[in-house]
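Before any comments, here is the structure.
FYI, it's all coordinate maths here, none of it is from the lab. This is a predicted model, so every value here is computed, not measured. Reconstructed Cβ throughout: ideal geometry from the backbone, glycine too, with neighbour counts over all protein chains shown.
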Amino acid sequence: MSEAAPHFLYEDDPALPGWKRWTLNDPSRFNAFLGPLWVRMEEGHARVRMVPERQHSNLGDNVHGGALLGFMDVALFAAARAHGVLEVGPAVTLDLSVQFMGAGSLDAPIEAEVELLRETGRLIFLRGLIVQGEARIASFSGTVRKFTKR
């Protein structure tokens, strides 16, 4: 892949009207482990969706906490993009704070409802809730640092 090629595909998904499919172009990277994600704006917050599979499970046949943490981290970036405060490109997670409240099952999509709290020149502050249907699985907050163009 050339340096000019985008790292992610971010395009309308005809199978899910109103959703954009967010897919990593390089399947050998960590993000690809989560599978494709879907993103949409809804009532002032970004909604990011993943579909859990067996590879995301723990020995209790629930979604593994590490898979959920990875999803939350990636959801920060997908949500920042949906909020229009981050282009696809270099940025890093400075912190991610999580409070688990329940288990996620493998039989339904998991969604992150992510609110943009504030953006500064270099920082993006977000918080979110991980839900599966009506069940609340975790709450989280995070800070993303944007890199400045040279």
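Expressed as an acute angle from 0 to 90° and rounded to the nearest 10, what is the orientation of the C-alpha long axis of helix 65-82 relative to the principal long axis of the chain?
The angle comes out at about 40 degrees.
In a Gaussian network model over the chain where Cα atoms closer than 10 Å are linked, find which of 104, 60, 35 has the largest mean-square fluctuation.
Evaluated over the chain, the most mobile residue of the options is 60.
Rank 142, 68, 25 by how far each Cα sits towards the positive end of the charge dipole of the chain (+1 on Lys, Arg Cβ; -1 on Asp, Glu Cβ) and give me just the farthest.
Farthest towards the positive end: 142.
Over the chain, with a Gaussian network built from C-alpha contacts below 10 Å, which listed residue (118, 21, 49) shows the highest mean-square fluctuation?
118
When the chain is treated as a GNM, springs tying every alpha-carbon pair under 10 Å, which of 16, 106, 69 comes out with the largest mean-square fluctuation?
16
Per the Debye formula with a single identical scatterer at each Cα and no solvent contribution, what log10 I(q)/I(0) holds for the chain at q = 0.09, 0.15, 0.19 Å⁻¹?
Each listed q maps to, in turn, -0.26, -0.75, -1.22.
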